[in-house]
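Please read the structure below before turning to the comments.
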């Protein structure tokens, strides 16, 4: 519980103290859409191999001070889970008692950008992220409530993200970009599941399009 409380205090300080000081030039810089391919780490050998996720989403970027910005995102993907001995694990598609979940991923990375060329921008950022699982369909005797409850308990939706992207501004108001990102499961520090720290981590690459202002 101390680790959990400490993380919440850090988040509160990060937002309430840091943001007002940085938001001197707060302005909308871009709107975007993206697709990521993320690997979801699963350490359990009796469930599914670590699944590959197809993640679609939308983003905004707001300028703060100088080369700093904040880029909130919302994304969507689906995963099937099985619930066994009080823990939810990724499931094979053909598993008899599985729950298909619709997942909402919210992230708030703060970034610093570099401009190596007139039409190129590199963004490097980090910040909190939250993944919420909504049961969409159940198979066999599976319980959507068990799976949803597992991730709500002990804040198993709480992550910390680090990301980097290379943006090519091929037109005055349009840009395409590629990126890599990793989302660490902070809840493994306190949830008591005795699973490796990387279990539940998401990592991968993606691409997107931005409308620039």
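Could you identify the single residue in 132, 197, 170, 151 that is under 20 Å from the mean Cα position of the chain (by Cα) and modelled with pLDDT under 95? Please lay out each step first, then the result.
Numbers: 132 fails: modelled with pLDDT under 95; 170 fails: under 20 Å from the mean Cα position of the chain (by Cα); 151 fails: modelled with pLDDT under 95.
Within the list 132, 197, 170, 151, the selection yields 197.
Does residue 111 satisfy the condition of being under 15 Å from residue 61 (Cβ atoms) and either outside any helix (DSSP H, G or I) or out of contact with any helix residue (DSSP H, G or I) (no Cβ under 9 Å at 6 or more places or on another chain) (or both)? Here the answer is yes, as residue 111 does meet what is asked.
Taken together, the residues in the stretch 194-211 that are more than 16 Å from residue 105 (Cα to Cα) and surrounded by fewer than 16 Cβ atoms within 10 Å (Cβ to Cβ) amount to 7. Out of curiosity, is residue 53 touching a helix residue (DSSP H, G or I) at 6+ places or on another chain (Cβ under 6 Å), more than 18 Å from residue 146 (Cα to Cα), buried (at least 16 other Cβ atoms within 10 Å of the Cβ) and modelled with pLDDT of 95 or more? Here the answer is no, as residue 53 does not meet what is asked.
Checking the condition modelled with pLDDT of 95 or more and farther than 17 Å from residue 111 by Cβ, which residue from 176, 182 passes?
On the way: 182 fails: farther than 17 Å from residue 111 by Cβ.
That would be 176, the only listed residue that is modelled with pLDDT of 95 or more and farther than 17 Å from residue 111 by Cβ.
Filtering 166, 195, 184 for residues that are within 21 Å of residue 55 (Cβ to Cβ) and in contact (Cβ under 8 Å) with a residue 40 or more places away in the chain leaves a single hit, 166.
The values are calculated or read from the model by the stated rules, or taken from the named source; none is laboratory data. Keep in mind it's a predicted model, so treat the numbers as computed, not measured. FYI the Cβ positions are ideal-geometry reconstructions off the backbone, even for glycines, and counts take in every protein chain you see.
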